[in-house]
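Down below is the structure, laid out as structure tokens.
The values are calculated or read from the model by the stated rules, or taken from the named source; none is laboratory data. All values derive from a computational prediction rather than experimental measurement. Please note: Cβ atoms are built from the backbone with ideal geometry, for glycine as well, and neighbour counts cover all protein chains shown.
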Amino acid sequence: MERVELDVPYGRGEAKAIVRAAVIAEWQRRWDSEVRGRHLYAIQASVTRTTAGGMGRRKEVVWTRMRLGHNGLNSSLFRVGRHETGGCPFCGELETVEHILLHCTCYEGEREIMWGRVRCHVPEDANITDAWRNVSIPTEMVNGKLQYSKCRRYSLNEISKLSVLNSSPVDINLTHIPQEDCVDGWTYDRSTFYSTIITEVSQ
């Protein structure tokens, strides 16, 4: 049988997808090699990664300022000549977003509360009963205190099977259930809002 070759042009949608992929690849190459904007690059290395939305105008402005490193903290004010040293008034270290959120001893109380409320997210559409949802996050001892794990959850596939079988968590040894990483992100308990750090960054 004779081989026939057809020259079929791309459709408009196919052409747009190819051009878009090429543009993103070039954008990513330039972002990887750029010398500016490294504060944001350390947070968001991929140009296609989406950011949080739906928080309201004020919170989104604060979120963006924290990500870009342009805010009311002393290190940012120092760059524009509005602060003498850029140092933290409490400990003298360079006052950056990272310093405030992770290191400054002045905010140890707020930081402990913040990390204590973080845990793996369990999607609302997960095929599990409320009883299994309530025990979907394993507990662990941290500094002598029993806390929910911040980095692990019980395998949703496994607890979904148990849920479908109408098994009760009370009758199951949870330590035998495999665990998995926070593949769906994290959930933060917002029942109590502490604005100290956000207020400092957004001024």
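What the table below lists for this structure:
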read-out: Per-region count, segment 89-118, residues under 19 Å from the mean Cα position of the chain (by Cα), surrounded by 14 or more Cβ atoms within 10 Å (Cβ to Cβ) and among the acidic types (Asp, Glu); value: 2
read-out: Failed criterion for Arg38 (all others in (1) closer than 30 Å to Ala22 by Cβ; (2) surrounded by 13 or more Cβ atoms within 10 Å (Cβ to Cβ) hold); value: (2)
read-out: Residue among Ser155, Ser149, Ser168, Ser136 that is farther than 16 Å from Gln179 by Cβ and polar (S, T, N, Q); value: Ser168
read-out: Residue in segment 164-187 that is among the small types (Gly, Ala, Ser), in contact (Cβ under 8 Å) with a residue 12 or more places away in the chain and surrounded by fewer than 10 Cβ atoms within 10 Å (Cβ to Cβ) present; value: yes
read-out: Residue, nearest to Leu174 (Cα to Cα), within segment 114-133, restricted to residues that are modelled with pLDDT of 90 or more and of a type in the set (A, V, I, L, M); value: Ala131
read-out: Which listed residue is of a type in the set (Lys, Arg) and farther than 30 Å from Cys91 by Cβ, from Arg38, Arg3, Arg67; value: Arg3
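Every residue, every condition in (1) closer than 30 Å to Asn157 by Cβ; (2) of a type in the set (Phe, Trp, Tyr); (3) touching a Leu at 6+ places or on another chain (Cβ under 8 Å), yes or no:
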{"site": "Glu95", "(1), (2), (3)": "no, no, yes"}
{"site": "Glu98", "(1), (2), (3)": "no, no, no"}
{"site": "Arg119", "(1), (2), (3)": "yes, no, no"}
{"site": "Val122", "(1), (2), (3)": "yes, no, yes"}
{"site": "Ile128", "(1), (2), (3)": "yes, no, yes"}
{"site": "Ala131", "(1), (2), (3)": "yes, no, no"}
